[in-house]
Amino acid sequence: MILTFQTPQDMTKNGPYIFPTVNVTKIEKINSTLLQIHIPSFPTGEGSVIKVTIWLVKPIGNTHYVLYATYDQGSIKIIIPRPLNWSDAFINFWNTFWIPIFLIASGITTLCGFIIYRYIIRRRESMRQIAEISRVISKSNRAYESVSEILYDILTVREDLSKDPLSINWLFMLARWQNTEGKMRLQLFKNNIIDYIDVNNFLEKMQTHSKKANESGGFPAYYGAKPGDTDAKTRRDDLEKINKEILDGCGHYLFDIDWTKYK
């Protein structure tokens, strides 16, 4: 039998390496890509092995070796696949599984984008509310000096709450009232005890609402701005309810008190 190997590229000069379990009479390199092995006969039965290791000068992609076996009764041709290296294996894997990989990657990217978007929205909302609280506090450092200032602040609070049900601008009015001494409060109303009691009761309700918010973690928490806050909607609903009571109070005291007598 004559075994003829055809390689896809030139063989190295120091190859091939042949390990036979049968008698080999001749090993011949016909050229750089053809190798012949002459075997006079095979013993009867199974177990005959000829192991051939061939090295190429420049191994290339997914190519094949061709083996011709010529014997007395004819010949046969066999194509031997070359073992895949890591790059070929990766290409085959990608060509097979690129669609599920693409879908999984798209899903992960979308999920990450949604999480980042939610975080940015919550962060912006939190910073906006903190900035609003800081602005409110800066406006509330001084005490009231006249009833007209109280009237103006009630009108401002009413307008803010009409535009934004979650506004907390009423805090500055509460702070200014707290910064006004007790005797001065009554003097502002020219000792009109009924009007004084009405306004004071109104602002005491604000104080109650403020304490309730602080017990819940402060106004940023009331807005549901804390990361991981699962009760955001409940907190916002509570704040809307509080602000609705304050808005109704503004309307009530604007029309129930004769403010013209304090001009």
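Got at least one residue in the range 77-85 being surrounded by 10 or more Cβ atoms within 10 Å (Cβ to Cβ), at pLDDT below 80, basic (K, R) and more than 56 Å from the chain's Cα centre (by Cα)? Yes, there is a match, as at least one residue in the range 77-85 is surrounded by 10 or more Cβ atoms within 10 Å (Cβ to Cβ), at pLDDT below 80, basic (K, R) and more than 56 Å from the chain's Cα centre (by Cα). Within the range 23-44, residues that are in the same structural domain as M11 (by TED's automatic domain parsing) have Cβ atoms under 7 Å from residues that are loosely packed, with under 10 Cβ neighbours inside 10 Å and not in a strand (DSSP E or B) in these pairs: H38/T25; P40/T25, counting only partners at least 6 apart in sequence or on another chain.
Would you pick out the residues in the range 183-235 that are in a helix (DSSP H, G or I) and at pLDDT below 75? Lay out the reasoning, then the answer.
We begin by selecting, within the range 183-235, every residue in a helix (DSSP H, G or I); these are 183-188, 193-215, 219-222, 232-235.
Passing the criteria: K212, A213, N214, E215, F219, P220, A221, Y222, A232, K233, T234, R235.
The values are calculated or read from the model by the stated rules, or taken from the named source; none is laboratory data. Keep in mind that this is a model prediction, so the values were computed, not measured. Note: ideal-geometry Cβ built from the backbone for every residue, glycine included; neighbour counts use all protein chains shown.
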